[in-house]
Amino acid sequence: MKNAALILLMFAVALPGTICFAQKDTVMIETERTQDQDFYYRNKYRYLDVRLSDEDRLLKIGIQPFKPGDNFNFLVFTVHGGFEQKINTSLSAVTELNSVMTWSDGDAFHQQGLSLGARYYFLKKKDIEQGRSGNNCQGVYGLLKMSDLLSLVTIRSDDPTAGPLEHQADLFRVLQGSLTPEIGIGFQQRLDYHLYFDSAVACNYNILENDFGFQISFLFGVLFSYTK
């Protein structure tokens, strides 16, 4: 009888501790689960806020490193600066300043050009109505612009007649204008509050030189948005 009473007493003492440990594990699991959910929703709505935010104008700075292929012995690198101002929900005006640098064996080409144009975001009104986007400059767009209306061209060429110990180069610089309308389609998206990418496919026609062109661009950089 005494042994049975002792066993019951030991069981009564151990049971609250077991329940306490079980409750502690349950609380820890629930806390970790809550933290994971908070992290998920915090990041989800962070990027959702980027898409749903409104903006009236953008200031963009980007780069476009581009190497055509192994069959070409030159490298093209573009630094892009742009200012985009919304006119209405779907339409915006764009001012761009591009600095294009090209290198080849013994030659270097540098062009700084000013371009003016407009973008029309096809799906913007529909996305706003369905709650998928704010009134901003993100999404699929059609573009129409005048490329390199005014540009400063600098050409540096090594002198082929110079000796191996001589470093002589011819430097040529000229300010020129062009009439090159460009039409295309592209997609611009913010990756974060201050990061973006912008890709486009376009064709152009140089009226003065009677020359057609085609280009694919991919820009990645930082931006700053402003609202009224």
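Checked across the stretch 199-222, the condition of being under 17 Å from Asp49 (Cα atoms) and part of a strand (DSSP E or B) holds for no residue.
Scan the stretch 172-198 for residues that are closer than 21 Å to Asn136 by Cβ, among the hydrophobic types (A, V, I, L, M, F, W, C) and not in a loop (DSSP other than H, G, I, E, B) and the total you get is 4.
Tell me whether the stretch 165-176 contains one or more residues that are at pLDDT 90 or above, crowded, with 16+ Cβ neighbours inside 10 Å and either on the phi > 0 side of the Ramachandran plot or in the same structural domain as Ile87 (by TED's automatic domain parsing) (or both). Within the stretch 165-176, none of the residues are at pLDDT 90 or above, crowded, with 16+ Cβ neighbours inside 10 Å and either on the phi > 0 side of the Ramachandran plot or in the same structural domain as Ile87 (by TED's automatic domain parsing) (or both).
Which ones in the stretch 121-139 are surrounded by 16 or more Cβ atoms within 10 Å (Cβ to Cβ), at pLDDT 90 or above and of a type outside the set (S, T, N, Q)? Tyr121, Lys124, Asp127, Ile128, Cys137, Gly139 - these are the residues of the stretch 121-139 that are surrounded by 16 or more Cβ atoms within 10 Å (Cβ to Cβ), at pLDDT 90 or above and of a type outside the set (S, T, N, Q). Within the stretch 131-150, being under 22 Å from Asp56 (Cβ atoms) and more than 22 Å from the chain's Cα centre (by Cα) holds for one residue alone: Gly131.
If you go through the stretch 140-164 and keep only what is under 29 Å from Ser115 (Cα atoms), at pLDDT below 90 and hydrophobic (A, V, I, L, M, F, W, C), you end up with just Ile155.
Within the stretch 191-228, the set of residues being at pLDDT 90 or above and charged (D, E, K, R) comprises just one member, Asp198.
The values are calculated or read from the model by the stated rules, or taken from the named source; none is laboratory data. Here the structure is a predicted model, which is why all the values come from computation and not from measurement. Here Cβ is always computed from backbone atoms with ideal geometry, including for glycine, and neighbour counts include all displayed protein chains.
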